[in-house]
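The values are calculated or read from the model by the stated rules, or taken from the named source; none is laboratory data. Values in this document were obtained by computation on a predicted structure and should not be read as measured data. Please note: Cβ atoms are built from the backbone with ideal geometry, for glycine as well, and neighbour counts cover all protein chains shown. These area figures cover heavy atoms from the full protein model, side chains too; ligands, DNA and RNA do not enter into them. Shrake-Rupley method; radii C 1.70, N 1.55, O 1.52, S 1.80 Å.
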Amino acid sequence: MIVKNTYGTSVAFSVREFGVIPKEEFTGSALQRKKQTPEDKEKKKKEKKPAIDKLVKLRFLSRRSKQKIRKKLICFARCYKRLSFVTLTFLNKVTDKQGVDLLRKFIDNAKKRSENFQYIWVAERQTKNDAFKGNIHFHMITNKYWKIEKWWNYWLDLQQKNGIVPRDENYKPSSAFDVRQLNSNNIRSIASYVTKYVTKNNDKFDCQVWNCSRQVSELYTDFYTDSSFVDEFKKLDAILKEFEVKDFLNRPILNVKMINLNRQTLKLYKRLDEKNKAENISTKNV
């Protein structure tokens, strides 16, 4: 049996059943994607069908995307001692595309003024603001320390320069740029973000729904072991839940174990932390 592990989850599967032996110990990094050759790009260009009028297909966070964000976020947190949770909202009603365009401009400016700026952002719909109900807004986790007064004013000015003006000229809500500090060692606070803003997020948008910086995309999120690795969790009585996935003949093909993440169990993921810190991301805080 081979076991695929990520923070909080271990999945055991039979090589005989799947017929695949992993070539690398670590996986999940954008560095492992096959790079397109000029020939591939040209072929794709030729195969592209001419555009035709059709209904706009709205985007949402698929189950696969939610799992990917969870993995990237926890691995991101393991690389830094300090993280910030930022919420960006708008002064008036915006379209989804207007909103994400302003977010990109904001991020581009943060990159220019911050050394090694890393982030993950997710879009969400407003539900509590009756004036702008359904308005897009963004939650972002970054490795940056924000000077709130400076960046709050910049975010408001950026909106107004791009035509998003408040109905009242004196309207400058402090909540438009909200920052909370996160202790990256507190895995529960990171899990809370995943649960509240990712797992339960089923909103649909006419724009991209999430993204991350290049170095975050290059983080490795999974690693393969034999079953002896999971035995360590059994010794610590850290298996919260276990279940099997069966095929159409009712034969078990996967065994999934949900792991309690705490100080003791996190030590067992040390190899993943070291891989990411060594190869993909500088741990220097900004």
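Would a scan of the stretch 214-234 turn up a residue that is over 30 Å from Thr127 (Cα atoms), modelled with pLDDT of 95 or more, open to solvent by 50 Å² or more (accessible area, probe 1.4 Å) and touching a helix residue (DSSP H, G or I) at 6+ places or on another chain (Cβ under 6 Å)?
Yes: one or more hits.
Only one of (1) exposed (fewer than 11 other Cβ atoms within 10 Å of the Cβ); (2) within 21 Å of Lys150 (Cβ to Cβ); (3) basic (Lys, Arg) fails for Arg167. Which number is that?
Against the list (1) exposed (fewer than 11 other Cβ atoms within 10 Å of the Cβ); (2) within 21 Å of Lys150 (Cβ to Cβ); (3) basic (Lys, Arg), Arg167 comes up short only on (2).
So, in the stretch 1-58, exactly how many residues are at positive phi and at pLDDT 90 or above?
Selection size over the stretch 1-58: 2.
Looking at the stretch 83-102, I want the residues that are within 12 Å of Ala123 (Cβ to Cβ) and have a partner that is among the small types (Gly, Ala, Ser) and open to solvent by 10 Å² or more (accessible area, probe 1.4 Å) with Cβ atoms under 8 Å, at least 6 apart or on another chain. Which pairs are those?
Listed by first residue and then by second, the contacts come to Thr87/Ser175; Thr89/Ser175.
Is it true that Lys172 is open to solvent by less than 70 Å² (accessible area, probe 1.4 Å) and in contact (Cβ under 8 Å) with a residue 12 or more places away in the chain?
Values: open to solvent by less than 70 Å² (accessible area, probe 1.4 Å): no; in contact (Cβ under 8 Å) with a residue 12 or more places away in the chain: yes.
No, not satisfied.
From the set of residues in the stretch 144-162 that are assigned to a loop (DSSP other than H, G, I, E, B), in contact (Cβ under 8 Å) with a residue 40 or more places away in the chain and not hydroxyl-bearing (Ser, Thr, Tyr), which is surrounded by the most Cβ atoms within 10 Å (Cβ to Cβ)?
Restricting attention to the stretch 144-162, the residues satisfying the condition of being assigned to a loop (DSSP other than H, G, I, E, B) are 144-147, 162.
Cutting the leftovers down to in contact (Cβ under 8 Å) with a residue 40 or more places away in the chain gives us 144-146, 162.
Imposing the further condition that a residue be not hydroxyl-bearing (Ser, Thr, Tyr) reduces the set to 144, 146, 162.
Working: Lys144: 23, Trp146: 16, Asn162: 13.
Looking at the filtered set, the residue picked out is Lys144.
Search the stretch 111-128 for residues being open to solvent by 40 Å² or more (accessible area, probe 1.4 Å) and touching a residue at least 12 places away in the same chain (Cβ under 8 Å), and hand back the single one that is nearest to the chain's Cα centre (by Cα). Spell out the reasoning first.
We begin by selecting, within the stretch 111-128, every residue open to solvent by 40 Å² or more (accessible area, probe 1.4 Å); these are 111-113, 115, 125, 127-128.
Narrowing the set further to residues that are touching a residue at least 12 places away in the same chain (Cβ under 8 Å) leaves 115, 125.
On the way: Glu115: 21, Arg125: 17 Å.
Within the stretch 111-128, the match that is nearest to the chain's Cα centre (by Cα) is Arg125.
Any residue at all in the stretch 201-213 that is over 16 Å from Asn92 (Cα atoms), in contact with a Leu (Cβ under 7 Å, 6 or more places away or on another chain), open to solvent by 60 Å² or more (accessible area, probe 1.4 Å) and basic (Lys, Arg)? Give the derivation first.
Applying the first criterion (over 16 Å from Asn92 (Cα atoms)) to the stretch 201-213 yields 201-213.
Applying the additional criterion that residues be in contact with a Leu (Cβ under 7 Å, 6 or more places away or on another chain) yields 201, 204-206, 209-210.
Next, only the ones that are open to solvent by 60 Å² or more (accessible area, probe 1.4 Å) stay: 204.
Keeping just the survivors that are basic (Lys, Arg) gives 204.
Yes, the stretch 201-213 has at least one match.
Hey, could you check the stretch 129-141 for residues that are of a type in the set (A, V, I, L, M, F, W, C) and outside any strand (DSSP E or B) and say which is most open to solvent (accessible area, probe 1.4 Å)?
Ala131
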